[in-house]
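The values are calculated or read from the model by the stated rules, or taken from the named source; none is laboratory data. Small disclaimer: the values here were computed from a predicted structure and weren't measured. Neighbour counts run over all protein chains shown; Cβ positions are idealised from the backbone, glycine included.
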Amino acid sequence: MAEDVSNVNPIDQGSENQLVNKALSRLPAPNITGLKLEGDIQLGGLLLNTIDDNNVVWVCTDLDGWWNLPDSETPDLPRGWGDGSYDARGRYAARLITLTGEFLTQDPDQVEQARQDLIKAIDLVYDSVNLTVAEKPVTKTSIVRLEGRPQIATVSARGRTQFSIGLKAPDPIKYEFLEPIVATPTGAAPSTPSSGSVTYTTSEAHGFVVNQSVTIVGSSVAGYNGTFLISAIPTTTTFVVSNSTTGTETWSSASATMFEDGYRVKKIATTVETEFNNAGNTKTPVIIELTGPIPGGSVATITNKITDVLFGTETEETITIVKAVPDGSTLEIDTLNREAVLVTGSTVENGRSYISTLSSWFFIQPDSKAANDITFTSSTGSCKVFYRSGWIG
């Protein structure tokens, strides 16, 4: 029986055929089919897919567990009177990663040194390091430790050595890798002290936003160094900070750091809703830094308003400062580990008694699911939020 094609549009069918055929065909010349050493994987101080100073070739052949979802754990709570179970909320387990690769030496005498370099990099029982992968378009990173015994074997007379390293990322989220962006100041000294601002320019688009915190270092005039609030963004390569310092500065070695300890940072003006963005695909924790004096009680709160992008429904998460934070002290709230510490000078003490959380601890939902707006309400003191995008798969 002949196939009925009366309802097939020849133009649409031709377009579909072209797309499928192209996807199944090889890349045209001049496609490079050999090994590409792009230095795109780094375990602590060990850079893979590269050639080191001794002409030893380091290659990562697989990174099993990095590209997929980690194992999930969902408790089974059987219904007592009928079929099935209750719908219980699950969790992701630690991410288990197996890094396999080889190093290729030019001479057998190089094997011992290369092996020691490898062992030094994977000595991760007492310490942890960042595993960073240059994915496209975003480089991602996780903190890892050693899991199990590494396998290292030399398989050729020239010294070709294969290795397999088990790693564990206790936090299964892969976070965006944030490197400092260096900025060169221009017009640094204000014309008068009352102008109260300094303008900087960057060699590339900086991505800063108003109310974001930025750290300036390297100036011979002490007043220009420190952490300041961005007050304006005139262009994509300039930004303005609030600062009334005056003085002559050549700015030969000064720099502005957009990120602190791998986080984006925003300072929240009191009672002003401040938007936070997560370009990833899973919710991410934050670190909240409150600097006193901050009064205790319901007059001092931090609220995260989450607006569902599909249905427009709103939910709120609230942290209340129930115990006053003294002047000169800093209360740091870590929503990943659900802990708080009070820092006064060199003294660090448990700060959990200073806060009360309602609903749950703050997490920044991915932009594809919800909009996040955080508000700090207090008559005195200040609030900074450290945040970043994250991916689970």
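Summary table below
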| quantity | calculated |
| --- | --- |
| Residue list for the range 355-367, restricted to those being more than 23 Å from A134 (Cβ to Cβ) and out of contact with any Leu (no Cβ under 8 Å at 6 or more places or on another chain) | S356, T357, L358, S359, S360, W361, F362, F363, I364, Q365 |
| Residue match in the range 94-108 (condition: touching a helix residue (DSSP H, G or I) at 6+ places or on another chain (Cβ under 7 Å), at positive phi and in contact (Cβ under 8 Å) with a residue 12 or more places away in the chain) | no |
| Looking only at the range 212-230, and only at residues there that are modelled with pLDDT of 75 or more and not β-branched (V, I, T), the one that is farthest from D373 (Cα to Cα) | A222 |
| Contacts under 9 angstrom Cβ, first residue in the range 153-171 being in contact (Cβ under 8 Å) with a residue 60 or more places away in the chain, partner among the hydroxyl-bearing types (S, T, Y) and assigned to a loop (DSSP other than H, G, I, E, B), 6 or more apart | P170/S128 |
| Residue in the range 144-156 that is farthest from L118 (Cα to Cα), counting only those that are among the aliphatic types (A, V, I, L, M) and surrounded by 14 or more Cβ atoms within 10 Å (Cβ to Cβ) | V144 |
| Residues being aromatic (F, W, Y) and within 30 Å of L77 (Cα to Cα) - total across the range 90-145 | 1 |
| Criterion (of a type outside the set (V, I, T), closer than 12 Å to T161 by Cα and surrounded by 12 or more Cβ atoms within 10 Å (Cβ to Cβ)) met by exactly one of E135, E102 | E102 |
